[in-house]
Amino acid sequence: MNKRLIVRHHRPHYPIIIGIVLAVVVLAGGWWVFDYGLRQAGFDREILDQKEGEWSQLKARLEQEIVEQREQATRLKLGYQVEREAFQLLQREVARLHDDISNLKDELTFYRDIVAPENHKEGLSVRGFLISRLEDERHYRYKIVITKVPNDGHLIRGSLTFVVEGKESGEVKRYNLKQLSLAKKPAQKISFRFKYFQNLGGDINLPKGFEPTKVTLTLNPKGKKLKKSVEQFDWTVEES
């Protein structure tokens with residue numbers, strides 16, 4: 001009896017491949033069933049995708065509006081700050097102009113007698129004396145205008161001494177310019193040299209506890225044509 005030998009090829013991967021194919025078929029069928037169920041229930045995926053697109057656009061638009069609103073708020077805030085600073089600057093400028101006007105009025109009062117020499121005696125004299133307070137409580141600035149009558153244009157030279165009299169510890173006390181001056185190199189006298197008139201001035205510091213009452217100014221011209229002039233002024237501080 002003849003025996004037939006049958007050769008079969010062993011394919012160990014077939015079951016795996018078949019399993020994968022079946023799994024894909026099952027998943028696809030399940031998804032189709034799920035999608036069919038959604039459609040039957042009135043759920044349309046295209047509508048969902050459309051809504052999601054609309055929501056994304058709305059979200060982007062709202063986020064952009066928020067950014068624009070914040071930028072506008074920042075601009076308004078900066079604009080308000082600029083306007084406020086400009087207003088404050090304007091206030092300071094107006095205050096400065098008021099001070100300038102006040103100073104000009106003082107200067108006008110200070111110098112107006114110079115153009116009216118007929119109101120004064122002949123010779124060398126002090127036409128104006130002003131005291132104003134500085135920032136420090138004991139610091140003051142003085143201004144002096146000296147001239148002569150008649151104003152003939154002749155050159156005048158000389159010196160001026162400055163003495164402040166007052167009370168300190170209940171007693172009369174006098175201080176000269178060198179003792180009071182705030183200059184780096186204080187001098188006992190102030191030199192003058194002019195033809196018509198001259199402005200003199202400087203800053204002084206009063207000792208603590210000293211209460212001034214008057215100032216004595218002595219003009220000492222060089223030569224014999226003009227006599228020495230001694231004039232006294234009450235210690236009056238000009239208010240700005």
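The values are calculated or read from the model by the stated rules, or taken from the named source; none is laboratory data. Everything numeric in this text was worked out from a predicted model, so none of it was measured. All Cβ positions, glycine included, derive from the backbone under ideal geometry; neighbour counts span all protein chains shown.
Between 125, 102, which is at pLDDT 85 or above and polar (S, T, N, Q)?
Just a single option satisfies the conditions, and that option is 125.
From the list 197, 192, pick out the single residue that is touching a strand residue (DSSP E or B) at 6+ places or on another chain (Cβ under 6 Å), at pLDDT below 90, assigned by TED's automatic domain parsing to the domain that holds residue 226 and surrounded by 16 or more Cβ atoms within 10 Å (Cβ to Cβ).
Result of the check over 197, 192: 197.
Would you call residue 153 surrounded by fewer than 12 Cβ atoms within 10 Å (Cβ to Cβ), assigned by TED's automatic domain parsing to the domain that holds residue 136 and more than 40 Å from the chain's Cα centre (by Cα)?
Considered against the rule, which asks whether it is surrounded by fewer than 12 Cβ atoms within 10 Å (Cβ to Cβ), assigned by TED's automatic domain parsing to the domain that holds residue 136 and more than 40 Å from the chain's Cα centre (by Cα), residue 153 comes out as yes.
Can you tell me which residues in the stretch 202-212 are surrounded by 12 or more Cβ atoms within 10 Å (Cβ to Cβ) and outside any loop (DSSP other than H, G, I, E, B)?
Answer for the stretch 202-212, where residues must be surrounded by 12 or more Cβ atoms within 10 Å (Cβ to Cβ) and outside any loop (DSSP other than H, G, I, E, B): 202, 203, 204, 205, 210, 212.
Going through the stretch 172-187 one residue at a time, which ones are closer than 23 Å to residue 221 by Cα, of a type in the set (A, V, I, L, M) and surrounded by 16 or more Cβ atoms within 10 Å (Cβ to Cβ)?
177
Since residue 186 meets every condition but one in (1) closer than 30 Å to residue 169 by Cβ; (2) more than 38 Å from the chain's Cα centre (by Cα); (3) not in a strand (DSSP E or B), which condition does it not meet?
Going through (1) closer than 30 Å to residue 169 by Cβ; (2) more than 38 Å from the chain's Cα centre (by Cα); (3) not in a strand (DSSP E or B) one by one, residue 186 breaks only (2).
When only residues in the stretch 125-140 that are within 30 Å of the chain's Cα centre (by Cα) and within 15 Å of residue 214 (Cα to Cα) count, which is surrounded by the most Cβ atoms within 10 Å (Cβ to Cβ)?
140
Pick from 230, 215, 163: which is without any contact (Cβ under 8 Å) to a residue 24 or more places away in the chain, assigned to a strand (DSSP E or B) and out of contact with any Pro (no Cβ under 7 Å at 6 or more places or on another chain)?
230
Taking the stated definitions as given, is residue 169 in the same structural domain as residue 189 (by TED's automatic domain parsing), on the phi > 0 side of the Ramachandran plot and surrounded by fewer than 18 Cβ atoms within 10 Å (Cβ to Cβ)?
For residue 169, the condition - in the same structural domain as residue 189 (by TED's automatic domain parsing), on the phi > 0 side of the Ramachandran plot and surrounded by fewer than 18 Cβ atoms within 10 Å (Cβ to Cβ) - is met.
Is at least one residue of the stretch 135-142 farther than 28 Å from residue 102 by Cα and touching a residue at least 40 places away in the same chain (Cβ under 8 Å)?
no
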